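Where a number appears in this text, it was derived from the coordinates with a stated rule and is not lab data. Remember, predicted model here, so these are calculated numbers, not experimental data. With ideal geometry, Cβ positions are generated from the backbone for all residues, glycine too; neighbour counts draw on all protein chains shown.
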Amino acid sequence: MKDSVPEYLAIAVHPDGTGTYEGRKVDDAPSLRPLKLSPATTQKLFALASDLGNFASPLDLESHKRVANLGLKTFTFEAEGEKNRCEFNYTLNRRAQELTDLFEGIATAERHLASLEYGMKYDHLALPNELLQIQIDLDNKAMADPQLLVEVLEQIIHNPRYLHVAQARAQDILQRVQDQ
């Protein structure tokens with residue numbers, strides 16, 4: 001949706017947890033990032049899709065209530081030549097909302113990962129603030145699969161070029177992720 005961050009978001013996940021993430025402005029060229037979800041998150045995604053009949057017709061998730069345009073959400077399921085798809089702006093279906101929230105949590109982790117990678121390469125002074133945002137998102141349980149950040153966190157911790165506050169925050173986040 002225009003003016004949202006990101007304006008366009010697509011996440012594709014295979015049964016083995018591999019997949020791709022794409023978050024960009026609508027007018028930007030496609031740019032896919034590979035991702036690898038945990039078995040628990042992958043299982044939860046596919047269980048929720050199964051609960052929703054793998055989005056087979058005549059699944060209508062739209063609430064049909066007058067609500068603001070929250071951005072069109074599209075769920076697609078492809079397997080063994082079968083392709084099912086459903087779209088909605090806003091839903092009251094608890095399972096569909098849970099699946100939407102899970103995808104948004106994955107997107108949050110991926111956005112943090114991209115910001116950390118950028119900061120490590122071009123803007124070391126931005127790392128403490130980004131790491132603080134990650135700590136806040138962990139507190140609010142706004143991220144799915146925070147272990148996606150582990151490799152980058154370890155790089156920050158062990159590289160003396162980064163500010164001590166960034167290293168300390170990265171260490172705290174890593175410890176919290178490992179304790180989960």
Sequence order, the range 130-144: Karplus ³J(HN,Hα) from phi using 6.51 cos²θ - 1.76 cosθ + 1.60, θ = phi - 60°, Hz rounded, Gly and Pro as x, gives 5, 5, 5, 4, 5, 4, 5, 5, 5, 4, 8, 6, 9, 10, 9
Whole-Hz couplings from phi, Karplus 6.51/-1.76/1.60, listed for the range 170-180; x for Gly and Pro:
4, 5, 4, 5, 4, 4, 5, 5, 5, 6, 6
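Nothing charged except the Cβ atoms of Lys and Arg (+1) and of Asp and Glu (-1): what's the magnitude of the dipole of the chain about its Cα centre? Round to the nearest 20 debye.
Numbers: 19 positive and 27 negative charges, 49 e Å.
Using Cβ point charges on Lys, Arg, Asp and Glu, the chain gives about 240 debye.
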With everything on Cα atoms, drop me the angle between helix 94-122 and the longest principal axis of the chain, reported from 0 to 90° to the nearest 10.
30
Projected onto the charge dipole of the chain (unit charges on the beta-carbon of Lys, Arg, Asp and Glu, signs +1, +1, -1, -1), the Cα from TYR21, ASN69, SER31 with the largest positive-side position is that of ASN69
Please label the shape of the range 86-180 as rounded, prolate or oblate, based on the square roots a ≥ b ≥ c of the eigenvalues of the alpha-carbon gyration tensor (a/c under 1.5 means rounded; beyond that, a/b larger than b/c means prolate, else oblate).
prolate
Per-pair calculated FRET efficiency, R0 = 22 Å: LEU125 and VAL5 via Cβ, rounded to 0.05:
0.55
Across the range 8-179, how many lysine pairs, 8 or more positions apart or on different chains, have C-alpha atoms separated by under 26 Å? Please give the number.
15
